[in-house]
Each structure stands twice: as C-alpha cells, then as structure tokens.
C-alpha cells in the first residue's frame, strides 16, 4: 500500500524542498494518515459517494450524543481502514459539562500496534483527533509499537 504524504500540520500534500516532488508514504505512517483522514471525513462530503463519511452533524455533534451509536460509527471507521487487521481495544467517554468526547483505541496492523488516546475537537468545519482533549497541544495522541520500535507521531490535521 502507498499513498501521497500529507503535511501533518496543514493536511496539504507534502512536497520535497529540493525539487517540489510529491512524497509517497507507506507502512505504518500510511495507516495512521488514513485513520486521521477517515475520522475527518463528514457524511455526504464526497461528491462521488455521499454515503461515505461519519454523520457528525446527525449523530455526534448533538445535544445528547448516544455513545453506543458513536462507538459503532468509530469502530466501523477504524476496522474499515486499509492495513488494519483487527481492533484490540476501544473506549469512549463524554464529559457533558465540557462537551468533550474522548476516545482511545489500539489496532493490530500489518506493521505492529497503532494506538490513539485523546479527544475529538472541531475547528470550523474540520474535525481533529487531538492528543489532549480540549487543547490542540503539540503532544501527540498517536503511537506505534512494532518490530522497528516504539514512536509517536506528529499531531495535526
């Protein structure tokens, strides 16, 4: 599997500085990028297939969110991501006073275990999975453990 690398801060296509070539990403980096993309994708956003995406406005960003429904939506996104073999763990919570939805999950991938722990934050019409719920800190909520060692990923887009 290969994909075009997106800048982890802006979400734009990443270019090399030397000759402005597009950069290809694969392996665990591609899986993390695909998970981020799939969580940012709103239902109806794709002109080619409006049935794709998460129904954030109808089922997540509502006055009394149903955690069971949101759990099923998020699990479907995770399991449907290329390179993800299976879901190892998943948890979700909602702080009604702060209106913050937090989630954590671990997945077994072709390359090792990818984990995420943090919150779901909206900025304008964009959704961000952030490492620290309620703030877009530079600490990442994404990590990887596999044959090549353990590392965290740059937070963003």
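The values are calculated or read from the model by the stated rules, or taken from the named source; none is laboratory data. Because the structure is predicted, anything quoted here is derived from the model rather than measured. Glycine also receives a Cβ, built like all others from the backbone with ideal geometry; neighbour counts cover every protein chain displayed.
Pull out all pairs, ordered by first then second residue, where Cβ-Cβ is under 6 Å, the residues are six or more apart or on different chains, the first lies in segment 27-38 and is in contact (Cβ under 8 Å) with a residue 40 or more places away in the chain, and the second is surrounded by fewer than 22 Cβ atoms within 10 Å (Cβ to Cβ) and assigned to a helix (DSSP H, G or I).
Every condition considered, the pairs that remain are 38/77.
Just checking, how many residues over segment 85-99 are touching a residue at least 24 places away in the same chain (Cβ under 8 Å) and either surrounded by 15 or more Cβ atoms within 10 Å (Cβ to Cβ) or under 14 Å from the mean Cα position of the chain (by Cα) (or both)?
Residues meeting the conditions: 2.
Which residue is nearest to the chain's Cα centre (by Cα), if the candidates are limited to segment 10-59 and must be modelled with pLDDT under 85, more than 17 Å from residue 82 (Cβ to Cβ) and surrounded by 11 or more Cβ atoms within 10 Å (Cβ to Cβ)?
By that ranking, first place goes to 11.
Quick one: is residue 97 part of a loop (DSSP other than H, G, I, E, B) and at pLDDT 80 or above?
Details: part of a loop (DSSP other than H, G, I, E, B): yes; at pLDDT 80 or above: yes.
Yes; evaluated as a whole, the condition is true for this residue.
Here is a yes/no grid of residues against (1) closer than 26 Å to residue 2 by Cα; (2) modelled with pLDDT under 90; (3) assigned to a strand (DSSP E or B):
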position: 63; (1), (2), (3): no, yes, no
position: 68; (1), (2), (3): no, no, no
position: 101; (1), (2), (3): no, yes, yes
position: 114; (1), (2), (3): yes, no, yes
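Given the structure, is residue 107 within 21 Å of residue 2 (Cα to Cα) and crowded, with 16+ Cβ neighbours inside 10 Å?
yes
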